[in-house]
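Comments concern the structure below.
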Amino acid sequence: HRFTVEIYRTSDDPSWILSVENAFGTLTILDNPPYFADGLAWRAFEKLLDEQGFRAFYSAKERRKLRL
């Protein structure tokens, strides 16, 4: 499974945003609670991956298509 992971800030808010895009182009945006450092956002990604696996980044329809 291939994902594009981006961690960034906007000019409107100093906190960091975690964005994960799967192979279907579906985005999962995580910004709540706000991440006050890019490393904290990355750790949140790792924790979600560890707890829920890569299924966390696919919709129900995509999981059925992939037979997950």
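Taken about its Cα centre, segment 3-66 carries a charge dipole of about 440 debye when Lys and Arg each add +1 at the Cβ and Asp and Glu each add -1 at the Cβ.
Taking a sphere under 11 Å around the Cβ of residue 21 and counting the other residues whose Cβ falls inside, with K and R at +1 and D and E at -1, yields a net charge of 0. The share of C-alpha pairs in the chain whose separation exceeds 18 Å stands at 38 percent.
Most mobile of 13, 38, 50 per a Gaussian network model of the chain (Cα springs, under 10 Å)? Result: 13 has the largest fluctuation of those listed. In the complete set of protein chains, residue-level accessible area for residue 17 is approximately 30 Å², probe 1.4 angstrom. When a 1.4 Å probe is rolled over the protein heavy atoms, the share of accessible surface on the chain that falls to carbon and sulfur comes to 49 percent. Note on the chain: with a GNM built from Cα contacts shorter than 10 Å, the maximum mean-square fluctuation among 57, 45, 36 falls on 36.
The values are calculated or read from the model by the stated rules, or taken from the named source; none is laboratory data. Remember, it's a predicted structure, so these values are computed and weren't measured experimentally. Cβ: placed from backbone, ideal geometry, glycine included. Neighbour counts: every protein chain shown. What goes into the accessible areas is simple: the full protein's heavy atoms, side chains included, and nothing from ligands, DNA or RNA. Shrake-Rupley method; radii C 1.70, N 1.55, O 1.52, S 1.80 Å.
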